[in-house]
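Since the structure comes first, as structure tokens, the remarks are kept for the end.
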Amino acid sequence: MRKPRPVVDEPQPRKTIRVDKAPTTGYSLVVDGHFKSHYDTVEAAEEAGIALKNKFQMLQVQVYDAENKTRSMIDWPGPA
């Protein structure tokens, strides 16, 4: 005699972001030529980029604007 299978809710599909393709909306951090994290505003992306650059000065950090398809470099001023 077989036991009835319990009903399991199917998990919601994840929204995956492909790192090998440029995003089409919003702003992304580009670290050493690789797309990393995605943000809705340029201010949030720049803030995250500056925080990353403060921790690791040797990284090349850029903010990618998906709408205009442009990149802007985040510069670290160095020790004062």
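The values are calculated or read from the model by the stated rules, or taken from the named source; none is laboratory data. Remember, predicted model here, so these are calculated numbers, not experimental data. Please note: Cβ atoms are built from the backbone with ideal geometry, for glycine as well, and neighbour counts cover all protein chains shown. Areas reflect the complete protein model, heavy atoms only, side chains present, ligands, DNA and RNA absent. Shrake-Rupley method; radii C 1.70, N 1.55, O 1.52, S 1.80 Å.
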>> Looking at region 19-35 only, could you name the residues that are at negative phi and either at pLDDT 70 or above or open to solvent by less than 90 Å² (accessible area, probe 1.4 Å) (or both)?
In response: LYS21, ALA22, PRO23, THR24, THR25, TYR27, SER28, LEU29, VAL30, VAL31, HIS34, PHE35
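Just one of THR70, THR16 is at pLDDT below 90, of a type in the set (Ser, Thr, Tyr) and surrounded by fewer than 12 Cβ atoms within 10 Å (Cβ to Cβ); which is it?
Testing whether each residue is at pLDDT below 90, of a type in the set (Ser, Thr, Tyr) and surrounded by fewer than 12 Cβ atoms within 10 Å (Cβ to Cβ) leaves just THR16.
Kindly indicate whether any position in region 49-59 is open to solvent by 100 Å² or more (accessible area, probe 1.4 Å), hydrophobic (A, V, I, L, M, F, W, C) and at pLDDT 90 or above.
Our first condition is that a residue be open to solvent by 100 Å² or more (accessible area, probe 1.4 Å); within region 49-59, this holds for 55, 58.
Of the ones still in play, those that are also hydrophobic (A, V, I, L, M, F, W, C) are 58.
Right, trim to at pLDDT 90 or above and you get 58.
Scanning region 49-59, I find at least one residue that is open to solvent by 100 Å² or more (accessible area, probe 1.4 Å), hydrophobic (A, V, I, L, M, F, W, C) and at pLDDT 90 or above, so the answer is yes.
Take the residues of region 46-80 that are charged (D, E, K, R) and outside any loop (DSSP other than H, G, I, E, B): which is nearest to HIS34 (Cα to Cα)?
Residues of region 46-80 charged (D, E, K, R): 46-47, 53, 55, 65, 67, 69, 71, 75.
Checking the rest, the ones that are also outside any loop (DSSP other than H, G, I, E, B) come to 46-47, 53, 55, 65, 71.
Numbers: GLU46: 16, GLU47: 18, LYS53: 15, LYS55: 18, ASP65: 14, ARG71: 12 Å.
That would be ARG71.
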